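Engineer: Here's a structure for you.
The values are calculated or read from the model by the stated rules, or taken from the named source; none is laboratory data. What you see is a predicted model; the values in this text were computed from it and never measured. All Cβ positions, even for glycine, are placed from backbone atoms using ideal geometry, and neighbour counts span all protein chains on display. Just the protein is used for accessible areas: all its heavy atoms, side chains included, with ligands, DNA and RNA removed. Shrake-Rupley method; radii C 1.70, N 1.55, O 1.52, S 1.80 Å.
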Amino acid sequence: QLQLVESGGGLVQPGGSLRLSCAASGSRLGDYAIGWFRQAPGKEREGVSCISSSGGGTKYADSVKGRFTISRDNAKNMVYLRMNSLQPEDTAVYYCAADLIPPAVGPQCAIVPGPYDYWGQGTQVTVSS
C-alpha cells in the first residue's frame, strides 16, 4: 500500500518562502496523481494544488496561483510544493495525497479531496511576523 510522508513545514515571516516535500513508498509513484491540501483550525480541508501522474498537468487554487509551484520527481518518489510570498492566511497543516490515475488515463488531477485514497500525516506551516 502506498505511504506518504510530508516534511519541510515550519515558521516563516510574511513574504517568506518554504518548500514542502512528500516522500512516497510502497508503490510506484508514477501511477498516481498527487494533490496538496491544507486545513486550518476550525476550517474544512482545502485543495491547494495537484499534479498528474507524469507531471504534464497541474492545477492551483485561485488563492495560491502565481505564488505556489507543484513539481514531482518520480525517479526519487518525491513531490514538492514550493511556496513563495507566504501570508498569514496560508497558515495551516499541509497534507499530500495520492489518487490512482495511471499515465495512460491522461494528464489529469483534482483539487478536491474526494478522489484521493492515500494521505500523509501532515506538516505544519505557520506564517507570522
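Engineer: What number of residues within the stretch 93-114 satisfy the criterion of being part of a loop (DSSP other than H, G, I, E, B) and touching a residue at least 60 places away in the same chain (Cβ under 8 Å)?
Structural biologist: 8
Engineer: Which residue, of Gly15, Gly30, is modelled with pLDDT under 95 and out of contact with any strand residue (DSSP E or B) (no Cβ under 6 Å at 6 or more places or on another chain)?
Structural biologist: Gly30
Condition check ((1) closer than 14 Å to Thr123 by Cα; (2) touching a Gly at 6+ places or on another chain (Cβ under 8 Å); (3) open to solvent by 10 Å² or more (accessible area, probe 1.4 Å)) across all residues:
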residue: Gln1; (1), (2), (3): no, yes, yes
residue: Pro41; (1), (2), (3): yes, no, yes
residue: Cys50; (1), (2), (3): no, yes, no
residue: Val64; (1), (2), (3): no, no, no
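Engineer: Looking only at residues in the stretch 67-85 that are open to solvent by less than 40 Å² (accessible area, probe 1.4 Å) and among the β-branched types (Val, Ile, Thr), which one is farthest from Ala23 (Cα to Cα)?
Structural biologist: Ile70
Engineer: Tell me the residue from Lys43, Lys65 that is within 14 Å of the chain's Cα centre (by Cα) and assigned to a loop (DSSP other than H, G, I, E, B), please.
Structural biologist: Going through Lys43, Lys65 in turn, the sole match is Lys65.
Engineer: Of the residues Pro88, Pro102, Pro113, which single one is surrounded by 15 or more Cβ atoms within 10 Å (Cβ to Cβ) and on the phi < 0 side of the Ramachandran plot?
Structural biologist: The conditions single out Pro113.
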